[in-house]
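Structure first, then comments.
We did not get these values from a lab; they are worked out from the coordinates using the rules stated. Model, not experiment: these values are computed from the prediction. When we count neighbours, we look across all protein chains shown, and the Cβ atoms used for this are built from the backbone with ideal geometry, even at glycine.
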Amino acid sequence: DKLRSCDREAAANRRVQESEAILAKTQTTLEEFRKQISQQEIAQAHAAVQLAQVIKERDELQREREVAAEARRRKRNQRRSAMALDHRTARSKSATMPRFNVFP
């Protein structure tokens, strides 16, 4: 009877030790996962900051292009307006101005 009791106690002690070992291994694995998740969150945050910066730079470049295009449009429209005024007077820019002799 004592022998069976000792065997059961030894088996129970082995199960406790195995459970403690499994618990320790699980805790270690959990800590490793937490570190990995933390590193991934940091990497994601860094990537988000970089993406925001790239988007900001892209938007600034787009605005610069639009401003330059608007300036070119205005300049072209001014030239067209000037050309339209010249055509209304029916004079070529290369033609000389007519000279009228007021006093013979």
The extension gain from E66 to A82, computed as 0.36 nm times the residue separation minus the Cα-Cα distance, is 3.3 nm
Assigning unit charges at the beta carbon (Lys, Arg +1; Asp, Glu -1) and nothing else, what dipole magnitude in debye, to the nearest 20, does the range 5-91 show about its Cα centre?
1560 debye
Using label points projected 7 Å from each Cα along Cα→Cβ, tell me how many nm separate Q44 and D7, to one decimal.
5.4 nm
